[in-house]
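Some notes on the structure that comes next.
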């Protein structure tokens, strides 16, 4: 069964088209990586998938239902880039945040035993039970992102959507965070991950969607590296921006950034093959 | 059931049942009178006798203390859901539009001899303004802070124009709404204030989880299908209730302080969100009670005293945390 289904979806902010004619399906149990250059509409596509925004054209379905009418909130969990400002300032504990995962089921009234149990299990599962009474603001970035994953686990969500969750993390906590996502995916959770680091996505995700307004590639992760989709998607930006000197200059920086992860990817896959030996 | 059936059914009721709601209202206001006369007065007079602080036995001071007691609870309680979303100015905006409500009530009274209690006028207009702010932010391109500034100044402008229309005849009573006052809090005001306080406390208790979810992570809340718009509307309306109940004592201009200052004062000390709510209420109570006491003892403006005590508390807590 498909978790998310996009059919010829288009979306624009005012007159500026951000998503143009994208169709793709995310099967249940899939780990989809969404990649593309800055401003390519990755995050917008993610929020369209979750029904947070409605497409100007085309249709989005969540678990076979129209996305904006979909009402089983507990089946969907969302982890943002970093809610640092609120998370740092607001006096709220890890357990209080993880409990939010149960809110779609128990928005009012008392928490049931099942609610309490799900919260404690989720805390254990991502190994933050010992931090449960700490303030979220006092945690490291990596611990904090685990809290949000625990919230998704407490919800017993079927679909976990993450928007560049590891931007603020160091390499080690990023690795262990993606290990955790891999485990969850193996246990059956559908994951859609927006990620700027192409190396990470191609090694972790089962499928890749590469976009820049339009879909440039959608297929198995191991086929992505061999395709020329990456160059095409990043190149598309270059053509659009080339007529403006400042932007073009700006873009070279992005371009460089875009290549780095590709090298990274080689390094990571080399590591993986060593491990396999 | 057709309309006719309904009419017959209504006619068949014993006459007294039609007035049943009236009896309920009478009973409640009777109970409240008893509460003020016996419980509040009893407690305060006892404290006055024990401490020798004579002013505690004056009914108007008792009403003032009862008012700040309510404000000290509901201000930080609602403010906690505003401050962390950078919505601190919502309180100020609604207070300034509530002033227009007061002006409308006084205007109707002066020109049409239509008696509308000023606080009721304030409540109606503040709730309307809360909804207007929502619409402005959602359906126009206005930035939320610009929308707030427009509604704030618009409300205050409407109030000042209405007052000038009456040829200055009603401006006598305006000062106490602008700057707050201890002496003019009537029994009916306190009644309205206590009931609005109850509404706010019940509202926050019932909607605690959606309020918290939206405050902490609005996008995740939307993804989890929490009705964020409904939660925002509820929060605005609760804020309108708070500013209107606090207006009599604090004054329109300063009323937002108790939504914000106690919350930021305890923000770093709270071990959890619930704990910080209790601490905020504690800080609000200290500021309110100390402020009213100082205002009485030295003949100061009540609202200003409360705000300065609250800010003093904020500074003290920050210094204390730094020293630790």
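The values are calculated or read from the model by the stated rules, or taken from the named source; none is laboratory data. This is a predicted model, so every value here is computed, not measured. Heads up, the Cβs are rebuilt from the backbone with ideal geometry, glycines too, and the neighbour counts pull from every protein chain shown.
Suppose we filter A:201, A:167, A:147 for residues that are within 13 Å of chain B (Cβ to nearest Cβ) and on the phi < 0 side of the Ramachandran plot; which single one remains? Walk me through how you get there before you give the answer.
Numbers: A:201 fails: within 13 Å of chain B (Cβ to nearest Cβ); A:167 fails: within 13 Å of chain B (Cβ to nearest Cβ).
Only one candidate passes the filter, namely A:147.
Just wondering, is there one or more residues in the range B:251-264 that are out of contact with any strand residue (DSSP E or B) (no Cβ under 7 Å at 6 or more places or on another chain), within 30 Å of residue A:157 (Cβ to Cβ), within 14 Å of another protein chain (Cβ to nearest Cβ) and in contact (Cβ under 8 Å) with a residue 24 or more places away in the chain?
no
When you scan the range A:1-81 for strands (runs of 3 or more DSSP E) that lie fully inside it, which ones turn up with 2 or more residues that are over 22 Å from residue A:212 (Cβ atoms)? Even if it seems obvious, please write down each step before you answer.
Working: elements: A:2-13, A:16-27, A:31-35, A:57-62, A:76-79.
Qualifying strands (runs of 3 or more DSSP E): A:2-13, A:57-62, A:76-79.
Quick one: would you say residue A:161 is part of a strand (DSSP E or B), within 14 Å of chain B (Cβ to nearest Cβ) and either surrounded by fewer than 21 Cβ atoms within 10 Å (Cβ to Cβ) or touching a residue at least 24 places away in the same chain (Cβ under 8 Å) (or both)?
On the way: part of a strand (DSSP E or B): yes; within 14 Å of chain B (Cβ to nearest Cβ): yes; either surrounded by fewer than 21 Cβ atoms within 10 Å (Cβ to Cβ) or touching a residue at least 24 places away in the same chain (Cβ under 8 Å) (or both): yes.
Yes, satisfied.
Here is a check on your reading of the model: is residue B:304 in a helix (DSSP H, G or I) and more than 14 Å from chain A (Cβ to nearest Cβ)? Let's see the steps before the verdict.
On the way: in a helix (DSSP H, G or I): yes; more than 14 Å from chain A (Cβ to nearest Cβ): yes.
Criteria met by residue B:304.
Could we say that residue B:201 is within 14 Å of chain A (Cβ to nearest Cβ) and surrounded by fewer than 20 Cβ atoms within 10 Å (Cβ to Cβ) here?
Details: within 14 Å of chain A (Cβ to nearest Cβ): no; surrounded by fewer than 20 Cβ atoms within 10 Å (Cβ to Cβ): yes.
No, not satisfied.
How about the range A:84-115: which of its residues are under 13 Å from residue B:221 (Cα atoms) and not in a helix (DSSP H, G or I)?
Looking only at the range A:84-115, we keep the residues that are under 13 Å from residue B:221 (Cα atoms), and these are A:97-105, A:107.
Residues satisfying the conditions are A:103, A:104, A:105, A:107.
Could you grab me the full set of residues in the range B:208-234 that are closer than 22 Å to residue A:44 by Cβ and either more than 7 Å from every other protein chain (Cβ to nearest Cβ) or in contact (Cβ under 8 Å) with a residue 24 or more places away in the chain (or both)? Full working, then the answer.
At the first step, the residues of the range B:208-234 found to be closer than 22 Å to residue A:44 by Cβ are B:214, B:217-226, B:228-229.
Of everything in the range B:208-234, those that are closer than 22 Å to residue A:44 by Cβ and either more than 7 Å from every other protein chain (Cβ to nearest Cβ) or in contact (Cβ under 8 Å) with a residue 24 or more places away in the chain (or both) turn out to be B:214, B:218, B:221, B:228, B:229.
Return the only residue of A:3, A:10 being touching a residue at least 24 places away in the same chain (Cβ under 8 Å), surrounded by 20 or more Cβ atoms within 10 Å (Cβ to Cβ) and within 29 Å of residue A:222 (Cα to Cα). Break it down into steps so the answer makes sense when it comes.
Values: A:10 fails: surrounded by 20 or more Cβ atoms within 10 Å (Cβ to Cβ).
Only one candidate passes the filter, namely A:3.
Given the criteria under 20 Å from the mean Cα position of the chain (by Cα), within 11 Å of another protein chain (Cβ to nearest Cβ), buried (at least 22 other Cβ atoms within 10 Å of the Cβ) and over 16 Å from residue A:158 (Cα atoms), does residue A:77 qualify?
No, not satisfied.
Scan the range B:136-146 and give yes if some residue there is modelled with pLDDT of 90 or more and more than 19 Å from the chain's Cα centre (by Cα), otherwise no. Full working, then the answer.
Looking only at the range B:136-146, we keep the residues that are modelled with pLDDT of 90 or more, and these are none.
No, the range B:136-146 contains no residue that is modelled with pLDDT of 90 or more and more than 19 Å from the chain's Cα centre (by Cα).
When you scan the range A:50-57, do you find a residue that is more than 11 Å from every other protein chain (Cβ to nearest Cβ) and touching a helix residue (DSSP H, G or I) at 6+ places or on another chain (Cβ under 6 Å), even just one? Spell out the reasoning first.
The first filter runs over the range A:50-57 and keeps only residues more than 11 Å from every other protein chain (Cβ to nearest Cβ), leaving A:54-57.
This time we only want the ones that are touching a helix residue (DSSP H, G or I) at 6+ places or on another chain (Cβ under 6 Å), so: A:55.
Yes, the range A:50-57 contains at least one residue that is more than 11 Å from every other protein chain (Cβ to nearest Cβ) and touching a helix residue (DSSP H, G or I) at 6+ places or on another chain (Cβ under 6 Å).
For the condition within 14 Å of chain B (Cβ to nearest Cβ) and at positive phi, what is the one hit in A:137, A:188, A:109?
Numbers: A:137 fails: at positive phi; A:188 fails: within 14 Å of chain B (Cβ to nearest Cβ).
None of the others qualify; the one that does is A:109.
Answer yes if at least one residue in the range A:25-38 is in contact with a helix residue (DSSP H, G or I) (Cβ under 7 Å, 6 or more places away or on another chain), crowded, with 18+ Cβ neighbours inside 10 Å and at positive phi, and no otherwise. Working first, answer last.
Taking the range A:25-38 and keeping what is in contact with a helix residue (DSSP H, G or I) (Cβ under 7 Å, 6 or more places away or on another chain), we get A:31, A:33-38.
Among the residues that remain, those that are also crowded, with 18+ Cβ neighbours inside 10 Å are: A:31, A:33-37.
Applying the additional criterion that residues be at positive phi yields A:36.
Scanning the range A:25-38 turns up at least one residue that is in contact with a helix residue (DSSP H, G or I) (Cβ under 7 Å, 6 or more places away or on another chain), crowded, with 18+ Cβ neighbours inside 10 Å and at positive phi.
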